[in-house]
Amino acid sequence: MTEGTTSPAMRYKEIVGLARGSADSLRAWELARADEIERQLSDAQAAVVAAQDQEEKTRERAGRWWKMALHNVSRLNFVEALDDPQPVTTARPQYLDRYLEEVKPSYQELVQAVLGLGWRAKR
């Protein structure tokens, strides 16, 4: 054999070495990806728990406002109270704080309206 050519055995060893290196690289990538997926899964589970907690607090808050509104309206015999409020599925979660900020002024408007109608409530 000449210096420029490699024997089939040497070529086989080279190919096996490359395959082993590729397998090791793939294994390392898969382990890193598995760790990343586990972290993402953990973050997602934490986000779900936080969202459920926020949803429960929001339900309680909305329920309190609703009960206060019903209490104010109950003095008006010509106003029929509706069912408890239900979540709106088309609402955007990123606007939750904005939605909640709108409740207090709306409630205050209701109170003022009821007070303005107070003379009718006494009849």
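The values are calculated or read from the model by the stated rules, or taken from the named source; none is laboratory data. None of the values given here were measured: they were computed from a predicted structure. Note that each Cβ is placed from the backbone with ideal geometry, even for glycine, and that neighbours are counted across all protein chains shown.
Of all residues in region 52-62, those satisfying the criterion of being surrounded by 12 or more Cβ atoms within 10 Å (Cβ to Cβ) and either more than 21 Å from Pro105 (Cα to Cα) or in contact with a Cys (Cβ under 7 Å, 6 or more places away or on another chain) (or both) are Gln54, Glu55. Quick check on region 65-115: of everything there that is of a type in the set (D, E, K, R) and surrounded by 10 or more Cβ atoms within 10 Å (Cβ to Cβ), which residue is modelled with the lowest pLDDT? Among those residues, the one meeting the criterion is Arg75.
When Gly63, Gly17 are checked against the criterion of being of a type in the set (Gly, Ala, Ser) and touching a residue at least 12 places away in the same chain (Cβ under 8 Å), a single residue qualifies: Gly63. Of the residues making up region 19-28, at least one is in a helix (DSSP H, G or I) and either of a type in the set (S, T, N, Q) or surrounded by 11 or more Cβ atoms within 10 Å (Cβ to Cβ) (or both). Out of all the residues in region 32-50, is one or more in contact (Cβ under 8 Å) with a residue 40 or more places away in the chain, under 25 Å from Thr89 (Cβ atoms) and of a type in the set (A, V, I, L, M)? No, every residue in region 32-50 fails to be in contact (Cβ under 8 Å) with a residue 40 or more places away in the chain, under 25 Å from Thr89 (Cβ atoms) and of a type in the set (A, V, I, L, M).
Do we have Ser42 as assigned to a helix (DSSP H, G or I) and over 30 Å from Tyr99 (Cβ atoms) here? No.
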